[in-house]
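Student: Sending over a structure as structure tokens; questions will come in a sec.
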Amino acid sequence: MSLRHAVLGLLSEAPASGYDLMKLFNATLSMVWPATQSQVYGELGKLTTAGMVEVTAHGPRGRKEYAITDEGLTELRHWLTQVEPSGPQRDDGLLRVFFLGIVTPLEAQAFLLHQAELAARTRAMCEQVDENAQWDDEMISVYGRIALEYGLRMSAAQEEWARWAAEQVTTAKARRASELAHAQHEGHGRSHEAHGENAEGPKGDETDGT
């Protein structure tokens, strides 16, 4: 997803001013694709120059109303049907799980329980959005609720997994794997110390032989 297509998608619902578009953006897309006011206004300018958006009305204090053009609608449809979603390619939190054996089981458990709490907060935020939103029959509302359901289900699954993983890192099997990693690290350290001592060579008589 890109900011360009987010703006085109919102304008496909109805024409809007930059101010109204920003309000709609914050109410519907901010949890999926956050953007600042300057970024949204900047993208409106680029889309207007590219012919995908046009100014349809002028108001007081320089207010402009924007609408999607046929070219913009064609681009939006192409993006929806022909362009593969990139999706998240990296997960810093999950990457750390692979190496939790380096720390103590209690530290590993604390990390995972914290991840569970973060997921629970995300779910609570989604639930609050669900309760406060005025769902109606318009496109953004209907499909926005479908997208919100993803957040509800995903955060619930992430919390369940993190709490399960927090139990797993204290099992005997996980402790043995952690102890093995620590032993290998300590053995490597002793090997470096011995190598350093050998490199110095035998100490001879420091007295002057004359």
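The values are calculated or read from the model by the stated rules, or taken from the named source; none is laboratory data. Only a predicted model underlies this, so the values are computations on that prediction, with no experimental measurement involved. Please note: Cβ atoms are built from the backbone with ideal geometry, for glycine as well, and neighbour counts cover all protein chains shown. Surface accessibility is based on the protein's heavy atoms, side chains included, excluding ligands, DNA and RNA. Shrake-Rupley method; radii C 1.70, N 1.55, O 1.52, S 1.80 Å.
Student: Here is a list of conditions, (1) more than 23 Å from ALA119 (Cα to Cα); (2) part of a helix (DSSP H, G or I); (3) open to solvent by 60 Å² or more (accessible area, probe 1.4 Å), and ALA27 meets all of them except one; can you say which number that is?
Tutor: Answer for ALA27: the failing condition is (1).
Student: Restricting to the stretch 129-141, give me the number of residues that are exposed (fewer than 11 other Cβ atoms within 10 Å of the Cβ) and within 25 Å of ALA157 (Cα to Cα). Before the answer, list the steps.
Tutor: Within the stretch 129-141, the subset exposed (fewer than 11 other Cβ atoms within 10 Å of the Cβ) is 131-132, 134, 136-137.
Retained after the next criterion (residues that are within 25 Å of ALA157 (Cα to Cα)): 131-132.
Selection size over the stretch 129-141: 2.
Student: Report, by residue number, each residue of the stretch 15-63 that is out of contact with any helix residue (DSSP H, G or I) (no Cβ under 8 Å at 6 or more places or on another chain) and on the phi > 0 side of the Ramachandran plot.
Tutor: ARG61, GLY62
Student: Could you check the stretch 1-24 and list, in sequence order, the residues that are modelled with pLDDT of 90 or more, open to solvent by 20 Å² or more (accessible area, probe 1.4 Å) and either more than 21 Å from LEU148 (Cβ to Cβ) or among the hydroxyl-bearing types (Ser, Thr, Tyr) (or both)?
Tutor: Of everything in the stretch 1-24, those that are modelled with pLDDT of 90 or more, open to solvent by 20 Å² or more (accessible area, probe 1.4 Å) and either more than 21 Å from LEU148 (Cβ to Cβ) or among the hydroxyl-bearing types (Ser, Thr, Tyr) (or both) turn out to be ARG4, SER12, PRO15, TYR19, ASP20.
Student: Something else now. Given the structure, is LEU148 open to solvent by less than 40 Å² (accessible area, probe 1.4 Å), under 30 Å from ALA6 (Cβ atoms) and touching a residue at least 12 places away in the same chain (Cβ under 8 Å)? Talk me through it step by step, then tell me what you get.
Tutor: On the way: open to solvent by less than 40 Å² (accessible area, probe 1.4 Å): yes; under 30 Å from ALA6 (Cβ atoms): yes; touching a residue at least 12 places away in the same chain (Cβ under 8 Å): yes.
Yes.
Student: To continue, here is another question. Within the stretch 151-171, how many residues turn out to be touching a Ser or Thr at 6+ places or on another chain (Cβ under 8 Å) and either surrounded by fewer than 18 Cβ atoms within 10 Å (Cβ to Cβ) or among the hydroxyl-bearing types (Ser, Thr, Tyr) (or both)?
Tutor: 1
Student: List the pairs whose first member sits in the stretch 1-12 and is part of a helix (DSSP H, G or I), whose second member is of a type in the set (S, T, N, Q), and whose Cβ atoms are under 7 Å apart, counting only residues at least 6 apart or on separate chains?
Tutor: LEU3/GLN39
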